[in-house]
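Note sheet for the following structure.
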Amino acid sequence: MLDIAFYTGERWGAIRQLLVEDCYQKSGQPKAAISFRRRTRKGKDSSRVIPVSPLLEQSLRLYQPEGVLMFPGKPENKPISRVAVHEFFQKAIKTLGFDQKGYSLHGTRATAVTMMHDSGVSLEVIRQITGHH
């Protein structure tokens, strides 16, 4: 989840609702782009298709989920809950030895946008990827 957040700049609400078919081909290989469906995105204004970077592709190759949902929760036919995502993130911050103050789920989106900008991605492309006007 963290790699998808960093390498796509998408919101966690949409990430937690991804289906396996949004990220993988039927053969089990990662797709060249991840599809974030309209109904999972904030504002539900439009769907987004974000290219998969080589580093994200490596992560997807290692993950290989089973079933329909990328990140199943409880009950298993539902996506992981917002609370579970937040708890996972806080536990990861603590495990890494970081002071929990100043780290947030939304920070991954801001970091992704900053990394894109610093890499020379145009503002127009960043707007298209993030859905900002």
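Read-outs throughout are calculated quantities, based only on the coordinates presented, and are distinct from any laboratory measurement. These figures come from a predicted structure and were not determined experimentally. Ideal geometry is used to build each Cβ from the backbone, glycine not excepted, and the neighbour counts take in all protein chains shown.
The figures follow:
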read-out: Chymotrypsin sites (Phe, Trp or Tyr not before Pro) within the stretch 48-125: DSSP coil, no more than 16 neighbouring Cβ in 10 Å; value: PHE98, TYR103
read-out: Close Lys-Lys pairs in the chain, where close means Cα under 29 Å and separation is 8 or more or interchain; value: 21
read-out: Difference of contour (0.36 nm per residue) and Cα-Cα distance, GLN25 to VAL49; value: 7.2 nm
read-out: Loop sites in the stretch 1-89: trypsin sites (Lys or Arg not before Pro), DSSP, at most 13 other Cβ within 10 Å; value: LYS26
read-out: 222 nm mean residue ellipticity, helices alone, for the chain (DSSP H n ≥ 4; -39,500 (n - 2.57); rounded to 500); value: -13000 deg cm²/dmol
read-out: Sparse-neighbour loop sites [trypsin sites (Lys or Arg not before Pro); the stretch 85-117; at most 13 other C-beta within 10 Å; DSSP]; value: LYS101
read-out: Relative intensity, log₁₀ I(q)/I(0), of the chain from a Debye sum that treats every alpha carbon as a point, q = 0.14, 0.17, 0.18 Å⁻¹; value: -0.65, -0.97, -1.09
read-out: In nm, spacing of pseudo-spin labels at TYR63 and PHE98 (7 Å Cα→C-beta vector); value: 1.8
read-out: ³J(HN,Hα) computed for each position of the stretch 25-39 - Karplus, 6.51 cos²θ - 1.76 cosθ + 1.60, integer Hz, glycine/proline x; value: 6, 4, 6, x, 7, x, 6, 6, 8, 9, 9, 9, 5, 3, 5
read-out: Amide proton proximity set for ALA33, modelled H, under 5 Å, gap of 5+; value: VAL52
